[in-house]
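Colleague: Dumping the structure here so I can ask a few things about it.
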Amino acid sequence: MKLICKKSYDFLAAALVLACLTVYAFSQDTSPGSQTPQAQKESRITPEQTKELFRSLNQILTFASDDTQLQIRHEVKKRLITREQVEKYILEKFKDDKDAKRMQREEIVLKKFGLLDRDFQLQPFLVSLLKEQIAGYYDNKTKTVNLLDWVSPEEQKPVMAHELTHALQDQHTDLDKWEPEDPDTISKNVTEDNQRLETDERDTARDAVLEGQAMAVYLDYTLKPAGKSLLTSPDVMRTPKDETDTSDSSPVMARAPLLLQQSLLFPYRDGLGFEQRLLKDKGAQYAFAGVLDRPPSTSYEIMNPRAYERGATVPLLHMPEVHGLLEADYQPYDIGVMGELDVRILTELFGGPEEAAMLTPQWKGGLYYAVQSRNARTAEEQASTSSVALLYLSAWRSEAAATEFAKLYGRELNKKYSAVVRDPAAESDTTEQVYNGSEGPVLIVRQGRQVFVSESFDLTMARKLQFLFFGAQQSPETQQAAHALPPVDELTTQLARMMAGCGLMKASLRH
């Protein structure tokens, strides 16, 4: 799903994963950079410290180049910025009217899925999170690494290793060409629907490549004084729960919903795991330049790096023609893929970590489609999940996994809606579940290894849509497309992208 701010590799970033990982790279620190947030805000690095920081840039850039085997093609510009400049930049990111409307639309769909609470306010929370977490960024538009005037040089040097890796990636690939080309309008017909499903998902995977590579260099830089590296220290990948508590240093992050935490973690944790596997299997040339030249296109490949090595593809589910059936009462609202990352978040939120660990590897494709009632005319009505009806089709590797997912989804409906009651009399056979709740009927149907969900459509319409969705997956053209076309944009793609496309946050530096 697309969530705001899609055209930058310049600014926000990896708080929790680096908080998890840096405990292995540092001992307890008493330098100025480890002061409390309030003390940091009141201090500024001296002119002498600034010169020291800038002098270290070329040395760290050379380290990053040697580590990645990415060539230094030109100098990297640098500048020191204030906290006020950073906060102004954050606020400007949220002023684009088109992005604001897109964020509202997709926030509602996330709430409809139950991934965010109904009363959660996404934009204000993100602004607070960014203000708390920012710790430096590389701007591929201006080709400049931006450093902070309130953080000590020694604390910023590892950040520079991370951000200068982005500069090397940019010099090798030109990150402007990796920017997603989001359509300005919602798709209006089945051709546009499937074009959206064919082109968008690559963003999540590419962010994981960029951040995973930068994380690998970051860790190699911090481990080098001890004579270690990512390849020689596999324990650096472990993140015990008692070492990931950021409630003291990152109070806003500590309050973040699972969706935001996982979306934030994915490019760094899973991207780093992807890079570590490729480094072990294929070496640095393959893991860095090779992946930039042939980037993965799905979160499935990131989470299963040997599938990427084999060139394995994920089946692409097909959107049927539903516009004529729905246009009298509904208007198109949003469309995308429920990818493996989305399923991991959804199943962990609904069923817990064990359920997620069991079901996520069984995922084999998914798409969602949302429409909004034409009766929702006021801004208040349009901002409510009750104005939106949702369709979700998922595919699984076995009937047992599909059955388990259908049960899990039905079991957790009362976390999304009030007054949920099952209606066995309306169910045609044991493969169906029918519920009534505060936002209308819910139909869940398992057919073979696929599960169809309709929320807030009346049952007559839901059954028509079920027939079309299941039928659209059977055509030879669809099966051919599954192997020929790149998979799509996930439900959480833009949220993960916004979190990843941006630099390092303060919690990253917690030693």
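Colleague: Ignoring any ligand, DNA or RNA, what whole percent of the accessible area of the stretch 408-464 comes from carbon and sulfur when the probe is 1.4 angstrom?
Modeller: 49
Colleague: Taking all protein chains as present, what is the carbon and sulfur share of the accessible area of the stretch 127-177, in % to the nearest whole number, probe 1.4 Å?
Modeller: Working: 530 of 1090 Å².
Solvent-exposed carbon and sulfur of the stretch 127-177 make up 48 percent of the total.
Colleague: For the stretch 259-329 and the stretch 349-365, what is the separation of their C-alpha centers, rounded to whole Å?
Modeller: Cα centres, the stretch 259-329 to the stretch 349-365: 17 Å.
Colleague: Quick one: with all protein chains in place, what share of the accessible area of the stretch 254-306 is carbon or sulfur, to the nearest percent (1.4 Å probe)?
Modeller: On the stretch 254-306, the fraction of accessible area on carbon and sulfur atoms equals 43 percent.
Colleague: Rounded to whole Å, give me the distance from the Cα center of the stretch 367-419 to that of the stretch 437-453.
Modeller: Using only Cα atoms to place each centre, the spacing works out to 8 Å.
Colleague: Taking H placed 1.01 Å from N in the peptide plane, check which residues at least 5 places from T144 or on another chain put their amide H under 5 Å from its amide H.
Modeller: D139
Colleague: Using a probe radius of 1.4 Å on heavy atoms only, what accessible surface per residue do you get for the stretch 57-168? Whole Å² is fine.
Modeller: 40
Colleague: Around V314, which amide H atoms from residues at least 5 apart in sequence, or from another chain, sit under 5 Å from its own amide H, with H modelled in the peptide plane?
Modeller: Long-range HN contacts for V314: none found.
Colleague: Ignoring ligands, DNA and RNA, what accessible area per residue does the stretch 334-444 give at 1.4 Å, in Å²?
Modeller: Accessible area per residue: 39 Å².
The values are calculated or read from the model by the stated rules, or taken from the named source; none is laboratory data. Quick caveat: nothing in here was measured; it's all calculated off a predicted structure. Each accessible area value is taken on the protein alone, full model and side chains, heavy atoms only, with ligands, DNA and RNA left out. Shrake-Rupley method; radii C 1.70, N 1.55, O 1.52, S 1.80 Å.
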